[in-house]
């Protein structure tokens with residue numbers, strides 16, 4: 001059985017209380033919070049300490065939390081936790097050695113694209129889907145739909161995307177689904193999309209007689225089941 005830190009890492013760095021308690025007992029979660037290995041990020045929301053550190057680094061650099069760090073702030077899981085927080089700063093801002101504290105992105109953000117020092121959900125989706133590799137972007141988009149139910153927002157972001165990377169935004173938005181259970185499953189589905197003739201659906205119930213189970217990904221025509229266990233997606 002994983003500990004709370006391992007479980008949160010598997011869930012993309014951030015998770016709701018219900019998701020954690022489905023795998024671990026309440027006492028383990030409470031101990032992790034008291035020890036500081038897990039941070040309460042909001043009502044019913046928990047994250048790893050490095051996720052919670054993004055606001056401090058953004059303040060140091062005079063920028064805003066963005067990209068996958070903003071996705072984590074919004075409660076969305078990611079494929080890989082950033083080693084340093086992602087921060088967007090003005091193109092003219094000089095950072096010097098301080099810039100090493102974060103992954104720095106240069107952007108002139110509009111007032112409506114920032115809320116309390118973090119890029120808004122719409123801007124966060126645009127940045128992630130435009131700039132991340134397809135599998136990482138799909139993990140963010142799937143999680144956004146799963147946790148926030150923002151289907152219309154995602155459609156609007158895709159429809160309004162222009163310029164470099166806009167094709168990537170629309171490609172990810174087309175494949176995104178809130179049915180994906182976690183980032184590992186999203187990454188596995190991204191791999192499946194590259195296999196000619198393989199058409200999988202997430203979270204399908206399969207069975208034979210008295211046996212029934214819910215599989216991560218299923219191609220019902222080819223009768224292929226793909227499972228995405230922690231750290232090692234496989235078919």
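The values are calculated or read from the model by the stated rules, or taken from the named source; none is laboratory data. Just so you know, these numbers come straight off a predicted model, no measurement behind them. Methodologically, a virtual Cβ is constructed for each residue, glycine included, from the backbone with ideal geometry; neighbour enumeration extends over all protein chains shown.
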- request: Go through 99, 117 for me and flag whichever is in contact with a strand residue (DSSP E or B) (Cβ under 8 Å, 6 or more places away or on another chain) and more than 25 Å from residue 163 (Cα to Cα).
  value: 117
- request: Identify all residues within segment 181-199 that are crowded, with 16+ Cβ neighbours inside 10 Å and more than 24 Å from residue 10 (Cα to Cα); write none if there are none.
  value: 198
query: Which one of the conditions (1) under 26 Å from residue 87 (Cβ atoms); (2) in contact (Cβ under 8 Å) with a residue 24 or more places away in the chain; (3) surrounded by 15 or more Cβ atoms within 10 Å (Cβ to Cβ) does residue 202 fail to meet, given that it meets all the rest?
result: (1)
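With respect to residue 163, is the statement that it is in a loop (DSSP other than H, G, I, E, B) and either touching a helix residue (DSSP H, G or I) at 6+ places or on another chain (Cβ under 7 Å) or outside the structural domain of residue 133 (by TED's automatic domain parsing) (or both) true?
no
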- prompt: For residue 187, all conditions in the list (1) without any contact (Cβ under 8 Å) to a residue 60 or more places away in the chain; (2) part of a helix (DSSP H, G or I); (3) closer than 22 Å to residue 20 by Cβ hold save one; what is the number of the exception?
  reply: (1)
- request: Return yes or no: is residue 126 touching a strand residue (DSSP E or B) at 6+ places or on another chain (Cβ under 9 Å) and not in a loop (DSSP other than H, G, I, E, B)?
  value: yes
query: Can you tell me which residues in segment 30-49 are at pLDDT 85 or above, part of a loop (DSSP other than H, G, I, E, B) and surrounded by fewer than 16 Cβ atoms within 10 Å (Cβ to Cβ)?
result: 36, 37, 44
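For residue 174, state whether it is part of a helix (DSSP H, G or I) and closer than 27 Å to residue 6 by Cα.
No: the conditions fail for residue 174.
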- request: Show the residue pairs that are 6+ apart or on different chains and have beta-carbon atoms under 7 Å apart, the first residue being within segment 165-179 and at positive phi, the second being assigned to a helix (DSSP H, G or I) and at pLDDT 95 or above.
  value: 165/130; 165/131
- prompt: Hey, does segment 61-76 have a residue that's over 21 Å from residue 134 (Cα atoms), modelled with pLDDT under 95 and surrounded by fewer than 17 Cβ atoms within 10 Å (Cβ to Cβ)?
  reply: yes
task: Please verify whether segment 138-146 includes one or more residues that are surrounded by fewer than 16 Cβ atoms within 10 Å (Cβ to Cβ) and in contact (Cβ under 8 Å) with a residue 60 or more places away in the chain.
output: no
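Taking the stated definitions as given, is residue 153 in a helix (DSSP H, G or I), crowded, with 17+ Cβ neighbours inside 10 Å and within 19 Å of the chain's Cα centre (by Cα)?
Against the criterion (in a helix (DSSP H, G or I), crowded, with 17+ Cβ neighbours inside 10 Å and within 19 Å of the chain's Cα centre (by Cα)), residue 153 does not qualify.
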message: For segment 1-29, give me each residue that is surrounded by 15 or more Cβ atoms within 10 Å (Cβ to Cβ), touching a residue at least 24 places away in the same chain (Cβ under 8 Å) and within 19 Å of residue 79 (Cβ to Cβ).
response: 8, 9, 10, 11, 12, 13, 14, 15, 16
statement: Selection over segment 167-180 where residues are more than 16 Å from the chain's Cα centre (by Cα) and surrounded by fewer than 17 Cβ atoms within 10 Å (Cβ to Cβ) yields a count of 4
